[in-house]
């Protein structure tokens, strides 16, 4: 297997240890590096970014682009409002950010003798990587909102189509994203679904963490505890979960729902809980570190992922918390949105319900809360499956295979002319 010097162009990455922004990017980069490849990550500057130089075998290259501090909205989930529309400030800084990213990626590739370009999020990382790649093989990885932006904006759609034409291989974290990328111009025979992995050592059953977190929440071991986490945006579907809790409340007077996260819909969700009469059941616990998410999952009786395809058409590729709940052995109730159904076995490793159906969601939650043995069996099967099939080491192998396919495609004379972007 060829050992590559890989330049990864990304617009999100955990900004500091424990950050929950772009959490999948760190194990992707580390996994590729652990297989003997040199990995250089190109990232936009952010005031909270603590990545610089060489860290844990990854080489970081940070570019600046904004003349004013308030305009640092490029990447790190800062460009979209409620994840459905671009912020005006994002339009303002896009030309500066794209140019700076392209110059940096190209300069890094030349300086380190890169043999592979890997763009994350087709818009903008894939388009930037395609422009900076020159004659290098190119892999593009899709993660969710990038495809949505390409579908909704003509300029982004044209840029995505050009990047897909240039790419030797495309990966997507869900079948839904892959199908939509093919509709935008990705080659079906040079694309594959590669679901995210999970750290089974961090996300695991742990009686001590369960007891500690419940004590901090002031929830005793006899009280049913639900847990959900994510940014407070439409596609997470938290409003339907609040409505489901309202349906459960009469039969479960001690039920508590802890929701980790924050974002544009914070006030709206709190108002909804009050309007449904369940504000006293909810614990809005704020933005959590990765380790805190693991602790809440260990503490919960049931994890909930009520994701939806929002009214604008945006949907998560594969929410991180799905894999984390499976690995934690915490029985999961989730919708069929995005790539969730592809990584769970309904009735065996999780319960799946239709999107936007608070009655079905409440029914599934009630069935699990009423059946401790079913929770134990589902949680145990989920953890076994996560450990067997969804390790980050396995994901790294599949990215390595994508590099080889991109290299082979690039080596064909008829394709090499496309490399001159």
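Is it the case that residue 48 is within 25 Å of residue 117 (Cβ to Cβ) and either assigned by TED's automatic domain parsing to the domain that holds residue 264 or at pLDDT 85 or above (or both)? Against the criterion (within 25 Å of residue 117 (Cβ to Cβ) and either assigned by TED's automatic domain parsing to the domain that holds residue 264 or at pLDDT 85 or above (or both)), residue 48 does not qualify. Screening the candidates 54, 19 for the property of being under 20 Å from the mean Cα position of the chain (by Cα) and either surrounded by fewer than 23 Cβ atoms within 10 Å (Cβ to Cβ) or at negative phi (or both) yields one hit, 19. Within the range 150-162, the presence of a residue that is in contact (Cβ under 8 Å) with a residue 24 or more places away in the chain, farther than 17 Å from residue 94 by Cα and touching a strand residue (DSSP E or B) at 6+ places or on another chain (Cβ under 8 Å) is excluded. Quick check on the range 354-362. Is at least one of its residues out of contact with any helix residue (DSSP H, G or I) (no Cβ under 8 Å at 6 or more places or on another chain), over 17 Å from residue 308 (Cβ atoms), at pLDDT 95 or above and part of a helix (DSSP H, G or I)? Looking through the range 354-362, none of the residues is out of contact with any helix residue (DSSP H, G or I) (no Cβ under 8 Å at 6 or more places or on another chain), over 17 Å from residue 308 (Cβ atoms), at pLDDT 95 or above and part of a helix (DSSP H, G or I).
Checking the range 318-333 against the condition returns no match, with no residue being over 25 Å from residue 202 (Cα atoms) and at pLDDT 95 or above.
Within the range 36-50, the set of residues being in contact with a strand residue (DSSP E or B) (Cβ under 8 Å, 6 or more places away or on another chain), buried (at least 19 other Cβ atoms within 10 Å of the Cβ) and under 18 Å from residue 100 (Cα atoms) comprises 40, 41, 42, 43, 44, 49. In the range 297-308 there is at least one residue matching the filter, namely being crowded, with 21+ Cβ neighbours inside 10 Å, in contact (Cβ under 8 Å) with a residue 40 or more places away in the chain and over 24 Å from residue 356 (Cα atoms). Of the residues making up the range 131-165, those that are buried (at least 18 other Cβ atoms within 10 Å of the Cβ) and either in the same structural domain as residue 338 (by TED's automatic domain parsing) or in a loop (DSSP other than H, G, I, E, B) (or both) are 136, 137, 143, 144. Candidates are the residues of the range 98-127 that are part of a helix (DSSP H, G or I) and under 20 Å from the mean Cα position of the chain (by Cα); the one that is surrounded by the fewest Cβ atoms within 10 Å (Cβ to Cβ) is 123.
The values are calculated or read from the model by the stated rules, or taken from the named source; none is laboratory data. Computed from a predicted structure; not experimentally measured. Cβ atoms come from the backbone with ideal geometry, glycine included; neighbour counts cover every protein chain shown.
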